[in-house]
Each structure stands twice: as structure tokens, then as C-alpha cells.
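Remarks on the structure that follows.
The values are calculated or read from the model by the stated rules, or taken from the named source; none is laboratory data. In this text, all values refer to a predicted model and were calculated from it rather than measured experimentally. Because the Cβ atoms are built from the backbone with ideal geometry, glycine has one as well, and the counts that use them run over all protein chains shown. Side chains included, ligands, DNA and RNA excluded: accessible areas come from the protein's heavy atoms. Shrake-Rupley method; radii C 1.70, N 1.55, O 1.52, S 1.80 Å.
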Amino acid sequence: MEPDDPDTVDTTRKLQERVLAGDEDALGQLFEALRESMLRVVQARLHPSLLGRVDPADVLQDAYIDLKTKLPSFVARDSPMSPFVWIRLVVKERVLLTHRRHLFVAGRDARREANLAQESTASSSSSNALHHCLVSRMSTIGGRLIREEMSTALLKAIESLNDPDREIITMRIFEELTNAETAEILELSENGASSRFVRAMTRLKRAVANIPEVNNYLTTILR
């Protein structure tokens, strides 16, 4: 069934209501329904150096274990958050934990470890992940190859963006979230979320103005 099918929407709504009531079986069913979406979250945010070493499906399985453990505290929380937003948040947290587990080797001193932990969540990490996603996506369209100098220029352009810009581009293009889902996650109106995405893409297009291949690809996304 299509995601917008009324039966699908109604089933998802009922599952979310049961999760809010603490139903672990409903959590499992909802997580399964969101599996492909959550897999894209992992794939879009996993550090490029871990590709081939870490199976995104394993990260997702660890995230589900986290969700089951955290369900009682989620149900008891005072501030409102939909199960969809919560599940995505926990999946992102598991990606960060995966980075720490695999990117940091034993024996480093505490100060070095702290610096690495900060680096894993800093702009450089999100820039590298978004860069990898864009290069991978462009390389699969018509069999185009991304030249090294083009790739380097693209990374520099991405690094010129701020974190909110990188975040919303990742959410809309690579997680394939709808504007409504993006608005819910960012706690914006749908018009506000749409405007933020267009502004972020416009800034990125401006930054890659001297890379026609990339600029043309971004233009097709905004159409």
C-alpha cells in the first residue's frame, strides 16, 4: 500500500497511540513499519569511514533494543513528542554511539577521547556524511563519475553551510522525509519547514555555482 493510503495512515495512527500507552508489541510493529525510513537515517548519517565495516541493519537492531529499554521513560515524559519523532531520535543517538565504539581505539587518554567524541558530532562529521551522500547519489545517476577536484570543491561548499542547513538537506533528500514529517521533527509549521529547506538548498546552490554538474543536480531536486 502507498504511504498515504487511508488504511495505512489509520493503522500507523493507532500504533502510535498504543506506543504512547506503553504497548511494547505496538512499538515493534511501528518500528517495522518505519524500518526503511529509519534505515535511511542510519545510511545518511553513518560516518563514511565505517562503510563496509558496519552494517546499517545491525545499527538499526541496536536502536530497537534501545527503544524497548527507553519505552517506559518515553511514556512517562512530560513534554509531548510523537513516537515517530522519538524513534528517529533514538536511531540517531545509536548512530553516534556506533561512531564512538568504532572510531575510537582503546588506549587513548581521556582528553583525546573527549576531543574525538566532540569531533564525531561536530560540523566536520555532518559535512562528510552529507558529502558522501551527495557524491553517491550523483554517481548513480546516468553512471556519472565525480571527479576528485569536483568532490573536493563540493565538500568545501557543504562545510560553508551551517548545521541547520546540512540537517534539513539530509532529512529531505536522503532520509526522504515529507515536509510534514520534517516540520514535526523541527517543531515548525509546514510552511516554515518548506521555506527553510528552500533557503538551505539555495545557499548550497550558491556555494557550488562554479561546479555546473552539482548545481544542475541540485536544481532538479528543487523542481
>> Just the number please: accessible area per residue for the stretch 13-94, 1.4 Å probe, all protein chains included, in Å².
In response: 49 Å²
>> Straight-line reach from LYS68: which lysines fall under 17 Å, measuring Cα to Cα and dropping same-chain residues less than 8 apart?
In response: LYS92
> Once the Cβ-Cβ distance between GLU24 and GLU187 is put in as r, and R0 is 25 Å, what FRET efficiency do you end up with, to the nearest 0.05?
Replying inline: 0.40
